[in-house]
Amino acid sequence: FQVLGSSGKLYTCYSSCHFCTCPAFGFTVLQKSESLLCKHILAVYLSQAMGACQELTVSEEQLTSILLAEEEDEG
């Protein structure tokens, strides 16, 4: 899932493995173990429960572009 953060940045959340690309997830969940999830993963779970997700089918090339764009933003 892609979730629009409050700063306007898109974060990718993998609900199947419970992971988000936001800095808060990396710090509070992975490094400090202070939380089980970030607000973006919570948004995914809530939107799924409410049936409010917009599902788009993307090709392998489009998915590759999405993931590579995130790598460029991080590093």
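The values are calculated or read from the model by the stated rules, or taken from the named source; none is laboratory data. The structure displayed is predicted, hence computed values, not measured ones. Methodologically, a virtual Cβ is constructed for each residue, glycine included, from the backbone with ideal geometry; neighbour enumeration extends over all protein chains shown. Ligands, DNA and RNA are stripped out before the accessible areas are found, and what is left, the full protein with its side chains, is counted by its heavy atoms. Shrake-Rupley method; radii C 1.70, N 1.55, O 1.52, S 1.80 Å.
All of (1) in contact with a Ser or Thr (Cβ under 9 Å, 6 or more places away or on another chain); (2) open to solvent by less than 90 Å² (accessible area, probe 1.4 Å) hold for HIS18 with one exception: (1). Can you tell me how many residues within segment 8-18 are outside any strand (DSSP E or B), hydroxyl-bearing (Ser, Thr, Tyr) and modelled with pLDDT of 90 or more? So the answer is 0.
The set of residues in segment 32-41 being open to solvent by 50 Å² or more (accessible area, probe 1.4 Å) and hydroxyl-bearing (Ser, Thr, Tyr) consists of SER33 alone.
Within segment 30-57, the residues that satisfy the criterion of being free of Cβ contacts under 8 Å to residues at least 24 places away in the same chain, of a type outside the set (Ser, Thr, Tyr) and within 20 Å of LEU67 (Cβ to Cβ) are LEU30, CYS38, GLN54, GLU55, LEU56. For segment 53-73, residues that are more than 14 Å from GLN2 (Cβ to Cβ) and open to solvent by less than 100 Å² (accessible area, probe 1.4 Å) total 3.
In the list VAL29, VAL44, which residue meets the criterion of being surrounded by 15 or more Cβ atoms within 10 Å (Cβ to Cβ), among the hydrophobic types (A, V, I, L, M, F, W, C) and under 14 Å from PHE1 (Cα atoms)? Let's see the steps before the verdict.
Working: VAL29 fails: under 14 Å from PHE1 (Cα atoms).
Exactly one residue qualifies, and that residue is VAL44.
Here the condition is being modelled with pLDDT of 90 or more, of a type in the set (Asp, Glu) and assigned to a helix (DSSP H, G or I); of GLU70, GLU34, GLU61, it holds for GLU61 alone.
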